[in-house]
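Here's the structure we're looking at; comments come further down.
The values are calculated or read from the model by the stated rules, or taken from the named source; none is laboratory data. Predicted model only: the values in this text are computed from it and were never measured. Neighbour counts are summed over all protein chains in view; Cβ atoms, including those assigned to glycine, are modelled from backbone coordinates with ideal geometry.
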Amino acid sequence: MNCELRKVVGVGETILDILFKNNQPAAAVPGGSSFNSIISVGRAGVPCAFVGYTGADVVGQQTVDFMHKNGVSTEFFLVKEEEKSAISLAFLNENGDANYAFYKQPPFTPEGWKAPTLAAGDILLYSSYYAVCKGTRPMITKLLEEANKVGAIVYYDLNFRRSHAHELEALRPAILGNFSQSSIVRGSADDFEIMYGTRDASLIYQQHIKDSCPIFICTAGAGQINVCTPTRSYTFLAPRIENVVSTVGAGDSFNAGFTCALIWMGITKEMLPNLSEEQWKKLIDIACQFAGNACQSKENYVNEGFHPEERGYWL
């Protein structure tokens, strides 16, 4: 399959992240989990589009301009007159990790939205509370149905924050529904500790994911990365990252790198359950290169013009 014909479609919220260091504003960058990922995909030169909406205000226009600048199609992105653009305050500690305060309206399915045409080989990337809340379920469900109908890869990053733990039981049916309609489920050990009370990737896969989704990736920040498949499990060590400025976009850029690598390496949905250890090693390595690059600036994504170190993985 020609990698130039494949694309990544992200769906999610957009939010202006205002970063604080030593309790002083240090930067303001467009953000949102899937949004961060799709900007990294665009900067890596892979065709991509984003499905979502923002407010018809200065922040919203900056968001649209930013997507255009970074090679992300806005054909399926709406600017709503009645909507106020979302804002978050991210307070960075000495390690670059963030505590958040959010100022936004509940997510919803905007009137007049339209789904992009997906094809076999394309990748649908979705994540976070946006993927499970009641307001956006009609849009998410439609996109999942379309992706599975044509044989696209569906990549789901759970990204379940502790701030939504009180809603877990209400959200669990949507989360399980996402598991069953995804080709790959990725989450952090923190996510699953909130959901299931354990950080054991093998246990999580066997008891909660295996029967719904064949591929599971569990990350743990600077710790190990576990990949579980129907036939084997693999453990990789996350490489050390020098000069960390902010970890806000690390996981999102990991997702971006992984989806780009799937395209560069010519991997399709049918191939996923039978990938070799060497192929998994290459996929994870590229994903980690993306994550590491994003950690070295105040932005939530890889640098403009970024391309991972070429080690004969693609082309």
Check your understanding: What tally of residues in region 108-164 results from selecting those that are closer than 17 Å to PHE77 by Cβ and assigned to a strand (DSSP E or B)?
Key -> 4
Exercise for review: Would you mind telling me which numbered condition in (1) without any contact (Cβ under 8 Å) to a residue 40 or more places away in the chain; (2) within 16 Å of ASP252 (Cα to Cα) ALA56 fails?
Suggested key: (2)
Practice item. Exactly one condition in (1) within 19 Å of the chain's Cα centre (by Cα); (2) under 30 Å from GLU299 (Cα atoms); (3) among the charged types (D, E, K, R) is not met by LYS142; state its number. Key: (2)
Practice item. Read through the list (1) more than 17 Å from ILE225 (Cβ to Cβ); (2) polar (S, T, N, Q); (3) assigned to a helix (DSSP H, G or I), then give the number of the only condition that GLN279 fails. Key: (1)
Review point. Residue check, ALA287 against (1) within 25 Å of LEU5 (Cα to Cα); (2) free of Cβ contacts under 8 Å to residues at least 60 places away in the same chain; (3) more than 16 Å from the chain's Cα centre (by Cα), all met but one. Which one?
Key: (3)
Check your understanding: Within the group SER182, SER163, SER246, SER188, which residue is farther than 26 Å from THR141 by Cα and either in contact with a helix residue (DSSP H, G or I) (Cβ under 9 Å, 6 or more places away or on another chain) or modelled with pLDDT under 95 (or both)?
Key -> SER246
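Within region 72-113, restricting attention to residues that are among the acidic types (Asp, Glu) and closer than 30 Å to GLY305 by Cβ, which residue is surrounded by the most Cβ atoms within 10 Å (Cβ to Cβ)?
Going residue by residue through region 72-113, those that are among the acidic types (Asp, Glu) are 75, 81-83, 94, 97, 111.
Restricting the remaining residues to those that are closer than 30 Å to GLY305 by Cβ gives 75, 94, 97.
Numbers: GLU75: 9, GLU94: 8, ASP97: 15.
By that ranking, first place goes to ASP97.
Taking strands (runs of 3 or more DSSP E) that fall entirely within region 1-77, which contain at least 1 residues that are farther than 24 Å from GLN296 by Cα?
Numbers: elements: 8-11, 15-21, 24-31, 48-55.
Where strands (runs of 3 or more DSSP E) fall fully within region 1-77 and carry at least 1 residues being farther than 24 Å from GLN296 by Cα, they are 8-11, 48-55.
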Exercise for review: Report whether or not ILE39 is in contact (Cβ under 8 Å) with a residue 60 or more places away in the chain and buried (at least 22 other Cβ atoms within 10 Å of the Cβ).
Suggested key: yes
Study note, to complete from the structure: Screening ASN226, ASN303, ASN255, ASN293 for residues that are surrounded by 20 or more Cβ atoms within 10 Å (Cβ to Cβ) and outside any helix (DSSP H, G or I) leaves only ASN226
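Looking only at residues that are among the charged types (D, E, K, R) and modelled with pLDDT of 90 or more in region 52-82, which one is nearest to TYR130 (Cα to Cα)?
Kept after step one, since they are among the charged types (D, E, K, R), are these residues of region 52-82: 57, 65, 69, 75, 80-82.
With the extra rule that they be modelled with pLDDT of 90 or more, the set shrinks to 57, 65, 69, 75, 80-81.
Values: ASP57: 21, ASP65: 22, LYS69: 25, GLU75: 20, LYS80: 17, GLU81: 20 Å.
Across region 52-82, the extreme among qualifying residues is LYS80.
When you check ALA222 against the structure, is it of a type in the set (A, V, I, L, M, F, W, C) and either within 16 Å of the chain's Cα centre (by Cα) or farther than 21 Å from GLY249 by Cβ (or both), yes or no?
Working: of a type in the set (A, V, I, L, M, F, W, C): yes; either within 16 Å of the chain's Cα centre (by Cα) or farther than 21 Å from GLY249 by Cβ (or both): no.
No, not satisfied.
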